[in-house]
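Take a look at the structure set out below.
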Amino acid sequence: MENKSLKVSFIGCGNMAKAVISGLIESGWPAELVMASNPSSEKLVALHEQYGLHITNNNREAAEFADIVVLAVKPQKMPDVLPQLSHINFADKFIISVAAGYMSTKIETGLDQSVPIIRAMPNTPALIKLGATGMFATSKVNTEQKQVAQSIFEAIGETVWVEKESQIDIVTAIAGSSPAYAFLFMQAIIDQAVANGLSEEKAFKLVTQAISGAAQLAQAQTDKSLEILRKEVTSPGGTTAAAISSFKNDDFENIVKKAVSAAVNRGRELGK
Ligand SMILES: NC(=O)c1ccc[n+]([C@@H]2O[C@H](COP(=O)([O-])OP(=O)(O)OC[C@H]3O[C@@H](n4cnc5c(N)ncnc54)[C@H](OP(=O)(O)O)[C@@H]3O)[C@@H](O)[C@H]2O)c1
């Protein structure tokens, strides 16, 4: 299976599809091999004008066109969309679903046939090609299909395969949701900077750069654990030590662990 010679269709053309499409085409996938389907036309026309890909309002036409069908509608729309595609022969096609919490068995039931399915869970930094995508392949997916799917999501950031479909709920909680945790954390730091007399604009610039820099430092220095990196900025009796001690007194780590568990459990509930 030759990468970039396969036809790819997107069913649903919202934020996530747009991020993947732009990564795909900007990484050299020919636009004439890409089709997007969406009920309303505005987003389609904008994408067509920007990239020259095929567009349609007909999901079935899009799925028939493609070797790879990317399901990018909201999970609650899947029961409408899947029966529209059930008469298509998927023998030479495979599916990538980004719909959160929607199990592969439910996709097969909706399509009324057995199909190779990859579930991919990207996150919003994919919009600027800094995504973190967790991926799971069902047993019917072959190695070439896995490689192609991986190359699609590598166009919008880093990818990680998980062995069990249930682990996608963990991916959702730690990669899908982590940007929101980081935004909450950064906003609290900024608010306190403002309360102490710094302007919001300056605090935003410093805090977002510091958090982004910390993440990149951790990625660049993998020989050091996160704990060592933290200790390197924490002089005994210093300012960081005062903050870390306050965090520990307030049981910060358990607060975070409890929140991540809540996200994992919610993912499991929604997936039922
Ligand atoms: N955003 C994220 O961070 C993220 C991360 C991981 C996974 N996901 C998953 O990605 C999927 C899409 O999310 P999103 O954020 O891109 O949502 P979105 O921006 O709302 O996009 C959904 C798109 O689906 C279209 N649509 C609605 N009904 C349809 C139908 N029957 N057939 C074809 N298209 C239809 C909508 O069109 P109209 O606007 O015309 O109704 C809209 O353009 C979801 O399943 C979500 O779980 C999102």
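Brief remarks follow.
- From A220, A203, A193, residue being aliphatic (A, V, I, L, M), within 30 Å of V98 (Cβ to Cβ) and out of contact with any Ser or Thr (no Cβ under 6 Å at 6 or more places or on another chain): A220
- Single residue of G28, G14 found to be more than 8 Å from the ligand (Cβ to nearest atom) and either touching a helix residue (DSSP H, G or I) at 6+ places or on another chain (Cβ under 8 Å) or not polar (S, T, N, Q) (or both): G28
- H87 being more than 12 Å from the ligand (Cβ to nearest atom), more than 23 Å from K4 (Cβ to Cβ) and open to solvent by 60 Å² or more (accessible area, probe 1.4 Å): yes
- Residue check for L130: more than 10 Å from the ligand (Cβ to nearest atom), more than 17 Å from V70 (Cβ to Cβ) and touching a strand residue (DSSP E or B) at 6+ places or on another chain (Cβ under 9 Å): yes
- Of all residue pairs spaced 6 or more apart or on separate chains, none has beta-carbon atoms under 6 Å together with a first member in the stretch 123-138 that is without any contact (Cβ under 8 Å) to a residue 12 or more places away in the chain and within 10 Å of M16 (Cα to Cα) and a second member that is of a type outside the set (K, R) and in a helix (DSSP H, G or I).
- Residues of the stretch 90-110 that turn out to be more than 14 Å from the ligand (Cβ to nearest atom) and among the aliphatic types (A, V, I, L, M), as a count: 1
- Residue in the stretch 7-28 that is nearest to the chain's Cα centre (by Cα), counting only those that are in a loop (DSSP other than H, G, I, E, B) and either closer than 16 Å to L71 by Cα or at pLDDT 95 or above (or both): G14
- The residues of the stretch 1-26 that are in contact (Cβ under 8 Å) with a residue 12 or more places away in the chain and open to solvent by 50 Å² or more (accessible area, probe 1.4 Å), listed by number, are M1, N3, K4, S5, K7, N15, K18, E26.
- Count - residues of the stretch 93-122 that are among the β-branched types (V, I, T) and touching a residue at least 40 places away in the same chain (Cβ under 8 Å): 2
- At least 1 residues being open to solvent by less than 60 Å² (accessible area, probe 1.4 Å) and closer than 19 Å to L270 by Cα is the threshold, and among the strands (runs of 3 or more DSSP E) wholly inside the stretch 98-200 those reaching it are 117-121, 131-137.
- Residue check for V73: in contact with a Gly (Cβ under 7 Å, 6 or more places away or on another chain) and either in a strand (DSSP E or B) or surrounded by 22 or more Cβ atoms within 10 Å (Cβ to Cβ) (or both): yes
- Of all residues in the stretch 70-82, those that are among the small types (G, A, S) have Cβ atoms under 8 Å from Cβ atoms of residues that are near the ligand (Cβ under 6 Å from one of its atoms) and in a loop (DSSP other than H, G, I, E, B), 6 or more apart or on another chain, in A72/G12; A72/C13; A72/G14; A72/V98; A72/A99.
The values are calculated or read from the model by the stated rules, or taken from the named source; none is laboratory data. All values reported here derive from a predicted model rather than from experimental measurement. Neighbour counts are summed over all protein chains in view; Cβ atoms, including those assigned to glycine, are modelled from backbone coordinates with ideal geometry. SASA here: full protein model, heavy atoms, side chains in, ligands and nucleic acids out. Shrake-Rupley method; radii C 1.70, N 1.55, O 1.52, S 1.80 Å.
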